[in-house]
Amino acid sequence: MSTAAATSPAPGTRVPAGYRTDWALFTDWCAAAGAPPLPAAVGTVEAFLAGCPAAPATAARRVAAIGWHHRHCPTEPPVAGPPDRRALRAGLGRPPPTPTRPPPDPHALAAAVRALPTTGWTGGFFGRRDAAMLTLAASPLPWTALAGLRTTDLSVAAGVLHLPGGHRLPAGLDPASCPPCVWLRWARALGLARREVSIRVLRAALDRAAALTSTSPHRCRIPPGSDRGDDVGDVGGDPVFTPIDQHGYPDLDRALAPTSLARLAARHLDGRPPPRRTMAPVPRPAESESPALSAPPPPAPPSAATLQAVHRHALARRRDDLRQLDALDRLLADLERQADRANQQITALDP
């Protein structure tokens, strides 16, 4: 039996009003937290209520919806002992416990981070993001909190990476897996993607970057204000983990969903990382050995106000292009689904 069928009531069963939406929210949260929705432990339901805060009446309805699905979903063997509804309702007024998830194995995590590339296009861009995601997964923060991180939530001071909630990740010996260095490498790439109009600047920087070795310098030991990667863009508070398409273009206004982060981390830790291509570096144009004898005079430099206006206009056009590409992707996906339905109908008509 599929997961969707195992967590759905029997066909023909009438679901009370509001229970379907509450149950969908609960199953999505369980998928992100890596906890089984059916049967659900009392601690799982308490962590769900803490991770998705709501008014007391709404929280009580969610508890009732979870209990209803435990009684009406067809499971093998039948679910025994659904969460105690009265006990959960009594605990709605108390401070909810902090939702937790099992921490990854530190040795497997460090090995997965070291295996990721930090140079080249597009592999270095994906590698820096995924390495930062795996590094922050070592903290007690749940996937929902990691997905909601903003660039202003993280900072590096005295060789320590500071996270929300007072969590800290100290520096390590290996610069490839040192948590503050991993974050600063991703912050530098993310800052270039946000500041520059063209993605070519980021690609050139990743092509020129030196591969990491055990003797590479620690970026976290560079004094603040120097070129170490703290500046992640002109506008703070943007998503930390952004989606990146197959060509290396990030969607800077969106954040990866908690389920996407959890699945991506599981693939890296299981030794099945997503395939990323690394393109050949773009050669630099060769300089002329004999400059022209009568070169034209250089044009007058534009004013700072003109440069700022051009920069803002180019950024607005780029974001508009990204939104149009996203709409085109959704349109193509919808056309593909319609074509699949048409093919199924044609197949059903064949004798």
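The values are calculated or read from the model by the stated rules, or taken from the named source; none is laboratory data. Remember, predicted model here, so these are calculated numbers, not experimental data. Note that each Cβ is placed from the backbone with ideal geometry, even for glycine, and that neighbours are counted across all protein chains shown.
Residues in the stretch 53-62 that are closer than 17 Å to Asp28 by Cβ and aliphatic (A, V, I, L, M): Ala54, Ala59.
If you go through the stretch 248-261 and pick out every residue that is in contact with a strand residue (DSSP E or B) (Cβ under 7 Å, 6 or more places away or on another chain) and either more than 16 Å from Leu190 (Cβ to Cβ) or of a type in the set (A, V, I, L, M) (or both), you end up with 1.
One line per residue, one yes/no per condition, for (1) over 30 Å from Ala309 (Cβ atoms); (2) at pLDDT 90 or above; (3) under 20 Å from the mean Cα position of the chain (by Cα); (4) not assigned by TED's automatic domain parsing to the domain that holds Leu25:
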residue: Ala147; (1), (2), (3), (4): yes, yes, yes, yes
residue: Gly159; (1), (2), (3), (4): yes, no, no, yes
residue: His162; (1), (2), (3), (4): yes, yes, yes, yes
residue: Gly165; (1), (2), (3), (4): yes, no, yes, yes
residue: Ala176; (1), (2), (3), (4): yes, yes, no, yes
residue: Pro179; (1), (2), (3), (4): yes, yes, yes, yes
residue: Trp183; (1), (2), (3), (4): yes, yes, yes, yes
residue: Ala187; (1), (2), (3), (4): no, yes, yes, yes
residue: Ser198; (1), (2), (3), (4): no, no, no, yes
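Going through Pro11, Pro103, Pro39 one at a time, which residue ends up being under 30 Å from Gly172 (Cα atoms) and either modelled with pLDDT under 85 or not hydrophobic (A, V, I, L, M, F, W, C) (or both)? I'd like the intermediate steps shown before the answer.
Values: Pro11 fails: under 30 Å from Gly172 (Cα atoms); Pro39 fails: under 30 Å from Gly172 (Cα atoms).
One residue alone meets the criteria, Pro103.
Which one is nearest to Ala47 (Cα to Cα), of the residues in the stretch 139-171 that are among the small types (Gly, Ala, Ser) and touching a helix residue (DSSP H, G or I) at 6+ places or on another chain (Cβ under 6 Å)? Outline the logic, then answer.
Start the filter on the stretch 139-171 by keeping residues that are among the small types (Gly, Ala, Ser), which leaves 139, 145, 147-148, 155, 157-159, 165-166, 171.
Then drop every residue that is not touching a helix residue (DSSP H, G or I) at 6+ places or on another chain (Cβ under 6 Å), which leaves 147, 159, 171.
Values: Ala147: 17, Gly159: 33, Ala171: 31 Å.
Top of the filtered list is Ala147.
Would the stretch 204-224 turn up any residue that is assigned by TED's automatic domain parsing to the domain that holds Arg128 and under 22 Å from the mean Cα position of the chain (by Cα)?
Checked the stretch 204-224: at least one residue is assigned by TED's automatic domain parsing to the domain that holds Arg128 and under 22 Å from the mean Cα position of the chain (by Cα).
With the requirement that a residue be in contact with an Asp or Glu (Cβ under 7 Å, 6 or more places away or on another chain) and either in a loop (DSSP other than H, G, I, E, B) or surrounded by fewer than 17 Cβ atoms within 10 Å (Cβ to Cβ) (or both), what does the stretch 167-221 give you? Arg195, Ser214 - these are the residues of the stretch 167-221 that are in contact with an Asp or Glu (Cβ under 7 Å, 6 or more places away or on another chain) and either in a loop (DSSP other than H, G, I, E, B) or surrounded by fewer than 17 Cβ atoms within 10 Å (Cβ to Cβ) (or both).
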